[in-house]
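A short worksheet on the structure shown next.
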Amino acid sequence: MEPLIDEAFLRRLANLKFIVKGRRKGKLAGTHPSPRAGTSVEFADYRDYSPGDDFRYIDWNLLGRLDRVLVKTFVHEADRPIYLLVDLSASMRLGDPPKARYAARFAAAIAYIGLRELDRVGLYPFCDRLLSAIPPRHGMGQMNHILRALQDVAPAGTTSLDRTIGDFLSASRESGLVFLVSDLLSRSGYQEGIARLLHRGDDIVVVQVVDPQELHPQMEGTFEIREVESGRSMELVVGRRTLAQYERRLGLFLDEMTAFFSGHRIPHFLVPTDLPVERLIHERLRAGGVLQ
């Protein structure tokens with residue numbers, strides 16, 4: 001199977017950065033400001049010199065003008081975890097390319113952007129439960145682990161977003177930036193799980209991956225329809241009336257979803273798999289205030 005991402009694609013991601021809501025604390029000097037004293041590119045204020053302060057941060061110009069020894073303070077830059085929750089349930093097998101392949105390529109790109117910014121990035125694949133996770137770590141060695149996990153994904157099982165998010169919250173004690181990449185076809189819903197993420201203080205970005213045929217089916221006649229997650233099947237006569245009913249119900253489902261996410265100020269992107277991942281990242285995520 002061809003690689004998820006190549007060198008040319010990575011070069012086009014090199015100058016992108018995440019837009020962070022608010023200031024955060026962290027463990028390692030990175031590129032996201034956090035209100036702690038220390039060296040950084042972002043100047044904060046002055047304070048009086050105290051014994052033991054580093055001479056390098058004395059403002060000698062102000063000493064000559066004000067006859068006071070003042071030390072520059074800075075906003076210390078810190079990392080924060082980036083969590084990639086990627087749906088690998090059976091419904092993600094659908095499409096050409098499969099939705100799971102598209103989601104994996106997108107997740108790999110986001111991981112690369114985060115690791116370049118010195119963030120910790122972790123991967124949490126799921127179906128009706130969390131699968132084998134890769135906890136957040138720094139460095140391009142982590143990129144190799146994530147790529148290996150995403151390269152040959154095999155979607156299976158049902159989807160339970162509320163349960164999965166509950167498991168994820170138990171497995172990850174620290175709030176961060178959560179990318180939920182899924183078709184959101186969860187019988188048990190997703191609202192409760194999203195609310196729990198918000199309560200913990202996570203920033204959330206939802207990327208809903210769909211096959212174009214799911215949005216606008218092009219089919220007429222008699223078909224055996226099989227639900228991939230449950231295995232149930234039925235014979236269905238599909239005509240214009242059936243398609244109109246389907247699109248009406250789909251529209252209500254998407255409208256409800258849009259209202260929920262916009263009401264909670266959560267960026268939500270409905271993404272058909274015929275939209276190149278590069279355009280999703282460079283155009284839609286930048287326009288949506290996720291990247292700059």
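The values are calculated or read from the model by the stated rules, or taken from the named source; none is laboratory data. As the structure is a prediction and not an experimental result, all values here were calculated from the model. No Cβ is skipped: glycine too gets one built from the backbone with ideal geometry, and neighbour counts run over all protein chains shown.
Before moving on, here are some points about what is shown:
- Residue count, segment 93-125 (criterion: touching a Phe, Trp or Tyr at 6+ places or on another chain (Cβ under 9 Å), over 18 Å from L10 (Cα atoms) and either among the aromatic types (F, W, Y) or modelled with pLDDT of 95 or more (or both)): 3
- Subset of segment 159-190 that is in contact (Cβ under 8 Å) with a residue 60 or more places away in the chain and over 17 Å from the mean Cα position of the chain (by Cα) - its residue that is nearest to F260 (Cα to Cα): L185
- Filter result (assigned to a strand (DSSP E or B) and either at pLDDT 80 or above or surrounded by 11 or more Cβ atoms within 10 Å (Cβ to Cβ) (or both)) within segment 234-277: L236, V238, H268, F269, L270, V271, P272
- Among the candidates V86, V71, the residue that is at pLDDT 80 or above, more than 30 Å from I134 (Cβ to Cβ) and touching a helix residue (DSSP H, G or I) at 6+ places or on another chain (Cβ under 6 Å) is uniquely V71.
For (1) over 23 Å from D203 (Cβ atoms); (2) part of a helix (DSSP H, G or I); (3) among the β-branched types (V, I, T), each residue gets a yes or a no:
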| site | (1), (2), (3) |
| --- | --- |
| R101 | yes, yes, no |
| L115 | no, yes, no |
| Y124 | no, no, no |
| D128 | yes, no, no |
| G166 | no, yes, no |
| S170 | no, yes, no |
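- Unmet requirement for Q218, which otherwise passes all of (1) touching a residue at least 24 places away in the same chain (Cβ under 8 Å); (2) under 24 Å from Y246 (Cα atoms); (3) in a loop (DSSP other than H, G, I, E, B): (1)
- Residues (closer than 17 Å to T164 by Cβ and not small (G, A, S)) located in segment 99-128: K99, L123, Y124, P125, F126, C127, D128
- Considering the conditions (1) modelled with pLDDT of 95 or more; (2) of a type outside the set (D, E); (3) touching a Lys or Arg at 6+ places or on another chain (Cβ under 9 Å); (4) surrounded by 20 or more Cβ atoms within 10 Å (Cβ to Cβ), V181 is excluded by exactly one of them, (3).
- In the set (1) crowded, with 18+ Cβ neighbours inside 10 Å; (2) charged (D, E, K, R); (3) in contact with a strand residue (DSSP E or B) (Cβ under 9 Å, 6 or more places away or on another chain), R101 fails one condition alone, (3).
- The numbered conditions (1) modelled with pLDDT under 60; (2) in a helix (DSSP H, G or I) are all true for G26 except (2).
- Applying the set (1) surrounded by 12 or more Cβ atoms within 10 Å (Cβ to Cβ); (2) modelled with pLDDT of 85 or more to G201 leaves exactly one unmet item: (1).
- Any hit, segment 209-223, residues being at pLDDT 95 or above and either in contact with a Phe, Trp or Tyr (Cβ under 9 Å, 6 or more places away or on another chain) or surrounded by fewer than 13 Cβ atoms within 10 Å (Cβ to Cβ) (or both): yes
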